[in-house]
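Taking it in order: structure first as structure tokens, then the write-up.
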Amino acid sequence: MVRIILGVVAGFIVWSVIWVGSDQVLMNASPDWYGSHQDRLQTAIFNEKPFPADSTILAMHLVRSVIISLMAGFLAAFVANENRKAPLALGIVLLLFGLMVQVMVWNYLPVWYHIAFLALLVPATLAGGRLRSRT
């Protein structure tokens, strides 16, 4: 049980660090496009103003989320030394945390993005856990 908890904690930390880190890399690599988009989103949230989201960037967020969830699910399974309970628990934790974040930005991004982002978290994390059994 302790290993499962450690797997979930490790997976959550790694997911968060990679998400924030990759966001910073993208902002620095493309300050006029990606960085500007993220800055305008933060400004819109702070000022409670409308925000025209870039669908390409939102799609990139979804792809990043799936890749990072696969990695985090794999890590959770690796640390827990089992590939079902830890990735599932991690997926649920990510879903709950993701739901909280999506509620905070609900009015600024399209509904399709919120639904897709949340719907992909658990399956991608479980798939990452299943990858652990194949290695």
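What to note about this one:
- Cβ pairs under 7 Å, 6+ apart, first in the stretch 38-65 and closer than 18 Å to Gly21 by Cβ, second polar (S, T, N, Q) and surrounded by 10 or more Cβ atoms within 10 Å (Cβ to Cβ): Arg64/Ser22
- Selection status of Gln24, assigned to a helix (DSSP H, G or I) and out of contact with any helix residue (DSSP H, G or I) (no Cβ under 9 Å at 6 or more places or on another chain): yes
- For Gly91: the one exception among (1) touching a helix residue (DSSP H, G or I) at 6+ places or on another chain (Cβ under 7 Å); (2) open to solvent by 30 Å² or more (accessible area, probe 1.4 Å); (3) modelled with pLDDT of 95 or more; (4) not aliphatic (A, V, I, L, M): (2)
- Checked against the criteria, Val2 does not count as out of contact with any Leu (no Cβ under 9 Å at 6 or more places or on another chain), under 18 Å from Phe97 (Cβ atoms), open to solvent by 80 Å² or more (accessible area, probe 1.4 Å) and without any contact (Cβ under 8 Å) to a residue 60 or more places away in the chain.
- Any chance Gly35 is out of contact with any Phe, Trp or Tyr (no Cβ under 8 Å at 6 or more places or on another chain) and within 20 Å of Leu6 (Cα to Cα): no
- Residue within the stretch 49-58 that is modelled with pLDDT of 95 or more, surrounded by fewer than 19 Cβ atoms within 10 Å (Cβ to Cβ), more than 22 Å from Val111 (Cβ to Cβ) and of a type in the set (Ser, Thr, Tyr) present: no
- Residues of the stretch 27-53 satisfying the condition of being part of a helix (DSSP H, G or I), over 19 Å from the mean Cα position of the chain (by Cα) and of a type in the set (Ser, Thr, Tyr): Ser36, Thr43
- The residues in the stretch 57-92 that are part of a helix (DSSP H, G or I), more than 11 Å from the chain's Cα centre (by Cα) and farther than 30 Å from Pro31 by Cα can be counted, and the count is 15.
- Some residue of the stretch 83-99 being without any contact (Cβ under 8 Å) to a residue 60 or more places away in the chain and among the aromatic types (Phe, Trp, Tyr): no
- Every residue from the stretch 59-88 that is open to solvent by 20 Å² or more (accessible area, probe 1.4 Å) and farther than 15 Å from Ala116 by Cα: Leu70, Met71, Phe74, Leu75, Phe78, Val79, Asn81, Glu82, Asn83, Arg84, Lys85, Leu88
The values are calculated or read from the model by the stated rules, or taken from the named source; none is laboratory data. Since we're looking at a predicted model, the values are computed, not measured. We place every Cβ from the backbone using ideal geometry, glycine too, and count neighbours over all the protein chains shown. Please note that ligands, DNA and RNA were not included when accessible areas were found on the heavy atoms of the full protein model with its side chains. Shrake-Rupley method; radii C 1.70, N 1.55, O 1.52, S 1.80 Å.
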